[in-house]
Amino acid sequence: MDSSTFAQRLLLWRKANPRPLPWKDHPDAYTIWLSEIILQQTRVEQGLPYFERFRAKYPTVEALANAPEDEVMKLWEGLGYYSRARNLHGTAKMVASELGGQFPETYEGLLQLKGVGAYTAAAIASFAYDLPHAVLDGNVFRVLARYLGIDLPTDSTEGKKLFARRAGELMDAAQPAAYNQAIMDFGATWCTPRNPKCSACPMSPNCQAFQQKRVEQLPLKSKKIEKRDRFFHYLVLRAGGETLIRKRTDSDIWQQLYEFPMVEGEALTDDPKSLTQTLLWQELIGDNDWSLRQIAGPFRQVLTHQKIVAVFFEIDLEMKQLPNTPPFIAVEQKNLNNFAFPKVIDCYLKDKSLYLRLV
Ligand code: SF4
């Protein structure tokens, strides 16, 4: 198969189908890195407003490095995969303090940055420095699997090696930035997972999947991710206009985000009495009088490996002030919007009118 035909057709396709995106106007390493970290595991439409907000607030890597962590997490709120936000902030600090504000100018150097894998390093190396490194993300895997008719699963060791080799061979090394942008845009908008535009596709005469009528079958994946169910019962304690929250710091999901006191259970319950025997309840409420104002939820959030179901018990306490029990802090309820919460809590805060209906 002629690799130059593929690259030429792809570049012609791009000319006819331009996809303007704000970071394409700023081919500096900081902007590209920022856009790529925001877009990891995120659709462009969802990530775009976040990119614009981050770039407006932090126009330089130094500005991002000097920002308070809570401010960065708050700006990231709703985008998910929060380890990316922590890596973003940590890497900005490192680049600003140890590299004099300059991103590494080689693929290998970029790979040393936290949160930067092979794909992101190739994107920055090609877009910012015009270095010949082929990008390989989900969209590119799909295009290559179909065009070349590759039957190896994209997530197998053997498959990854073969795809990386073939991606490098097909790339137009004379114009890596244009080529990489073209194949990413082509995968995102044309050779899509469902309903690809095969009938109008300039690749179709050489596309193995199209010729063999296997477009729907490719690419192959070997692993199916099992999702674990988790049941969170949040205690929204209320006294004197305040409530308790804490920052999640354990090695679990949602590090550095805030949450209400939480009791995790084997199953979901709508009976607050079943929570009264827990250590957390004893610590925070003890023998104080309490009354249930309402139970809200269940609210659901699906993560890569887990499905979270959360209910919120709003409890009025007969005390003037909430107890001082670290790591919990008392905050005014009207100020909750200043903190970054996981999506499931954000949904609750935005819609506190739903009452519990267990299904
Ligand atoms: Fe993708 Fe269809 Fe074009 Fe093949 S013919 S590259 S499957 S859009």
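Please tell me the relative contact order of the chain in percent, rounded to the nearest whole number, where contacts are Cα pairs under 8 Å and at least six residues apart. Walk me through the numbers on the way to the answer.
Details: 539 pairs, mean separation 58.3, N = 359.
Answer for the chain is 16 percent.
Panel order for H233, H133, H26, H305, by other beta carbons found within 10 Å of each beta carbon, from fewest to most: H305, H26, H133, H233.
The dipole here belongs to the stretch 3-217: it is taken about the Cα centre, uses +1 on the Cβ of Lys and Arg and -1 on the Cβ of Asp and Glu, and is about 820 debye. Neighbours of E318, meaning other residues whose beta-carbon lies under 15 angstrom from its beta-carbon, give a summed charge of -2 when Lys and Arg score +1 and Asp and Glu score -1. Report the local net charge at G90: Lys and Arg +1, Asp and Glu -1, summed over other residues whose C-beta lies under 12 Å from its C-beta. Residues near G90 contribute +2 overall.
Axis angle, to the nearest 10 degrees, between helix 118-129 and the longest C-alpha principal axis of the chain: 60 degrees.
When you filter the trypsin sites (Lys or Arg not before Pro) in the stretch 1-100 for DSSP loop state and at most 13 other Cβ atoms inside 10 Å of their Cβ, you are left with R43.
Let me check I've understood the local charge: for Y119, count other residues with C-beta under 10 angstrom from its C-beta, Lys and Arg +1, Asp and Glu -1. What total comes out?
Numbers: positive: none; negative: E36, D137.
Once positives and negatives cancel, what remains is -2.
Loop-only GluC sites (Glu not before Pro) in the stretch 251-359, please: DSSP not H, G, I, E or B, and at most 13 other Cβ atoms within 10 Å. The qualifying sites are E266, E318. Counting only residues at least eight positions apart within a chain, or on another chain, the lysines with an alpha carbon under 26 Å from that of K161 are K114, K213, K221, K223, K224. The residue among P132, Q301, F231 whose Cα reaches farthest toward the positive pole of the charge dipole of the chain, with charges on the beta-carbon of Lys, Arg, Asp and Glu, is P132.
For the stretch 228-350, what relative contact order do you get, as a whole percent, if you take Cα pairs closer than 8 Å and at least 6 residues apart? Could you put the intermediate results ahead of the total?
Details: 229 pairs, mean separation 46.4, N = 123.
Contact order relative to length: 38 percent.
Along the stretch 36-41 the Karplus relation, 6.51 cos²θ - 1.76 cosθ + 1.60 evaluated at θ = phi - 60°, assigns HN-Hα couplings of 5, 5, 5, 8, 4, 6 Hz to successive residues, with x for each Gly and Pro. Taken about its Cα centre, the stretch 61-136 carries a charge dipole of roughly 200 debye when the Cβ of each Lys and Arg holds +1 and the Cβ of each Asp and Glu holds -1. Considering only Q256, N195, Q41, whose Cα is most displaced toward the positive end of the charge dipole of the chain, charges sitting on Cβ of Lys, Arg (+1) and Asp, Glu (-1)? In the chain, that residue is N195. The three principal axes of the Cα atoms in the stretch 228-350 give end-to-end lengths of 42, 31, 26 Å, sorted in falling order. Lysine pair count for the stretch 228-350 (Cα-Cα distance under 19 Å; residues 8 or more apart in sequence or on different chains): 6. Taking +1 at the Cβ of each Lys and Arg and -1 at the Cβ of each Asp and Glu, which of V344, L268, I285 sits farthest along the dipole of the stretch 228-350 towards its positive end, judged by Cα position relative to the Cα centre? Checking the options against the dipole of the stretch 228-350, the answer is V344. Counting only alpha carbon atoms, the long axis of helix 44-57 and the longest principal axis of the chain meet at about 70°. Largest GNM mean-square fluctuation across G47, G109, G80, computed for the chain with C-alpha springs under 10 Å, falls on G109. The charge dipole of the stretch 230-359, taken about the Cα centre with unit charges on the Cβ atoms of Lys, Arg (+1) and Asp, Glu (-1), comes to about 480 debye, rounded to the nearest 20. Coordinate range of the alpha-carbon atoms in the chain per principal axis, descending: 78, 50, 33 Å. Only lysines eight or more places from K24 in sequence, or on another chain, were considered; those with a Cα closer than 21 Å are K15, K57.
Database remark: amide H of Y258 closer than 5 angstrom to the amide H of R248, A340, F341 (H placed geometrically; neighbours at sequence offset of 5 or more, or on other chains; Pro and chain starts carry no H).
Quick note: the coordinates plus some simple rules give every number you see, no bench work behind them. Since this is a predicted model, take the numbers as computed values, not measurements. Methodologically, a virtual Cβ is constructed for each residue, glycine included, from the backbone with ideal geometry; neighbour enumeration extends over all protein chains shown.
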